[in-house]
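These notes are about the structure you will find just below.
Bear in mind these aren't lab numbers, they're just calculated from the coordinates by the rules spelled out. Predicted model, so just to flag it, every value in this text is computed and none were measured. FYI the Cβ positions are ideal-geometry reconstructions off the backbone, even for glycines, and counts take in every protein chain you see.
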């Protein structure tokens with residue numbers, strides 16, 4: 001890519017956009033009394049420090065006192081800062097909400113309406129009309145929503161928050177200078193929660209440096225003057241390095257077998273080299289044989305659209321550091337200028353929550369890949385680390401966190417077993433929600449957990465488990481022979497569970513009718529009875545093996561949404577395998593339930609491994625054992641299918657301690673095939 005020094009304006013608009021069209025912040029922009037009082041002492045101390053800084057920077061003392069005496073802390077601003085949509089939405093959702101048919105149509109109409117002005121700006125600054133209109137549409141929906149948040153309140157709140165204190169302190173100082181210059185004051189300076197203002201949502205520093213008085217009224221008014229707003233935007237882009245007669249980029253078709261380690265803005269090649277590698281434009285023609293530097297990006301992974309991006313894409317990123325934002329600006333500009341939609345649509349994947357991204361970052365960091373701060377923001381550093389990890393795993397290295405990537409990461413960093421001493425007991429296992437723990441008690445010592453006296457083997461061995469949402473503070477009660485009972489407290493680790501959307505499920509299994517509900521209740525009773533089995537078998541002490549090996553497509557604990565409707569969490573691990581694949585018993589046990597066709601789970605098997613530990617097998621195509629039949633570890637007990645509520649062949653494997661659902665992935669060894 002063409003080199004450009006972005007130091008002049010780097011960060012002026014970094015990562016910040018105005019509120020999306022149709023979203024009103026009026027109900028949330030006033031800080032509550034409780035919230036203000038809760039941090040009032042610290043906030044007042046921070047404001048006092050900001051006053052001293054402003055005075056040291058020679059801002060008029062009257063402006064400093066009048067404006068900063070009026071500011072309030074806005075807790076809502078901190079909440080919004082933590083969940084910027086560029087970093088938690090999928091590319092599919094991001095584009096669907098921003099590059100809409102209505103916005104394209106409106107943009108075309110407004111470009112025609114303001115074309116004389118826009119053409120003059122193109123001649124003066126080199127930025128074509130469609131881009132200025134696209135920025136306008138992205139930032140404020142063509143001026144329909146300029147923001148109603150008090151900018152000085154918002155900037156002060158963010159300046160007093162440690163995450164980006166210095167950046168917003170600088171913005172606050174420049175906002176005070178705008179007051180000093182007569183542009184606005186505390187009562188009239190309104191904008192976004194991040195302090196962006198006017199039709200183009202300029203941050204105060206950008207406003208001071210790049211705003212232009214184009215209509216000659218002696219004030220650069222970005223709220224009320226479109227000539228000022230358009231001219232300021234063109235001036236800003238010119239200063240960022242906009243190159244005349246160059247587009248932002250284009251959609252391309254990648255050849256089969258493309259090396260995705262070559263994707264990313266950190267890899268630049270001339271267009272002629274990309275042509276040699278087999279890249280074609282959206283209609284199937286080879287890309288031009290030019291020396292123009294370009295990079296490939298795949299914002300939705302290898303299953304979504306691919307783009308070649310040029311120097312002006314980096315310029316757009318100087319306005320907002322989100323790749324999604326820059327792509328949306330470029331695509332909206334193309335559509336406004338008459339182009340059609342994408343050739344390849346982004347897949348409608350699961351939304352990336354902050355918790356999911358934080359987990360990915362933590363897992364990569366623990367595995368030695370530098371994903372940066374574990375802040376829940378899926379930025380370029382995290383994407384680069386993920387791409388490196390994917391390449392090392394022999395996976396498609398597109399830097400996109402697919403379900404199977406997350407499942408494999410979870411397996412690679414699953415909590416290691418540990419041994420703890422609780423009074424006379426030695427206990428070993430994973431002390432985490434969903435974990436299973438075994439222990440040994442001295443002869444004659446009884447052990448109680450959650451009101452249940454735990455059965456023991458002849459050697460004093462026992463087992464217990466922690467459910468998906470188990471309390472983090474736990475307690476074991478020990479009663480030595482002829483001695484008073486003693487209680488020993490311990491803690492387990494909390495887990496974060498992701499959201500999983502599953503479409504195409506038969507509607508009858510999502511919203512059962514009354515007859516089906518009666519059947520479901522009856523079958524649930526059968527499963528409960530099977531899991532309540534409490535035999536003296538000791539198969540639970542064996543090292544469990546996986547019943548089937550294959551890609552993990554669903555993990556324990558995830559909140560499931562079927563056909564758009566939230567339902568109960570997932571209590572097992574889904575392992576994809578062809579229909580008819582053999583299912584093996586993970587440990588010795590006895591079959592306590594063998595049902596060929598349950599409503600939700602289809603062919604269903606439950607195997608008791610002793611002392612309350614059982615395993616369940618759902619969606620089977622065929623059962624090869626009967627209720628009451630003993631089984632040995634490794635024995636074939638059935639075949640993979642897609643019966644019950646399933647969208648394809650797989651095995652849902654579950655681990656239970658009586659009625660508590662445990663995570664079988666914590667118990668099983670690493671999978672050997674993917």
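Observations on the structure shown:
- Overall form of the range 33-240 per C-alpha gyration tensor (a/c, 1.5; a/b vs b/c): oblate
- Taking the Cα atoms of the range 354-412, the ratio Rg/Rh between the radius of gyration and the Kirkwood radius comes to 0.90.
- The coefficient of translational diffusion for the range 417-484, derived via Stokes-Einstein from the alpha carbon Kirkwood radius under 25 °C and 0.890 mPa s, stands at 199 µm²/s.
- Value of D in µm² per second that Stokes-Einstein yields for the range 499-667, Kirkwood Rh from Cα pairs, at 10 °C (1.306 mPa s): 100
- Residue-span extension gain [residue 188 to residue 259] - 0.36 nm each, minus C-alpha spacing: 20.3 nm
- The modelled label-to-label distance for the pair residue 421/residue 520, using points 7 Å beyond Cα in the direction of Cβ, is 5.0 nm.
- Each Cα pair under 8 Å and six or more residues apart adds its sequence gap; the mean of these over the residue count of the chain is a relative contact order of 10 percent.
- Stretch gain in nm, segment residue 542-residue 276, where the contour uses 0.36 nm per residue and the Cα spacing is subtracted: 90.2 nm
- Relative contact order of the range 249-336, pairs being alpha-carbon contacts under 8 Å that are 6 or more residues apart, as %: 29
- Solution diffusion estimate, µm²/s, Stokes-Einstein, the range 249-336, Kirkwood Rh from C-alpha pairs, 4 °C, viscosity 1.567 mPa s: 99
- The range 159-215 and the range 520-590 have Cα centres separated by 56 Å.
- Taking the helices alone, the chain has a mean residue ellipticity at 222 nm of -10000 deg cm²/dmol, built from -39,500 (n - 2.57) per DSSP H run of at least 4 residues and averaged over all its residues.
- Taking N as its residue count, the alpha carbon Rg of the range 327-444 over 2.2 N^0.38 Å: 1.60
- The order of the peptides 195-204, 376-385 by mean Cβ neighbours within 10 Å, most packed first, is 195-204, 376-385.
- By average C-beta atoms within 10 angstrom, highest first, the peptides 620-626, 630-636, 156-162, 325-331: 325-331, 156-162, 620-626, 630-636
- Estimated FRET transfer efficiency when R0 is 41 angstrom, pair residue 108-residue 58 (beta carbons, to 0.05): 0.30
- Rounded to two decimals, the Cα radius of gyration of the range 264-419 over 2.2 N^0.38 Å is 1.17.
- Efficiency of FRET between residue 246 and residue 647 - r from beta-carbon atoms, R0 51 angstrom, step 0.05: 0.65
- Length released on extending from residue 148 to residue 165, taking residue separation times 0.36 nm less the Cα-Cα span: 3.9 nm
- Relative packing of peptides 488-495, 363-370 - highest average C-beta neighbours within 10 Å first: 363-370, 488-495
- Angle in degrees between helix 354-366 and the longest Cα principal axis of the chain, rounded to the nearest 10: 80
- The long axis of helix 101-113 is offset from the longest Cα principal axis of the chain by roughly 10 degrees.
- Compactness relative to 2.2 N^0.38 Å, alpha carbon Rg of the chain: 1.16
- The calculated FRET efficiency for the pair residue 413 and residue 101, based on their C-beta separation and a Förster distance of 35 Å, comes to about 0.20.
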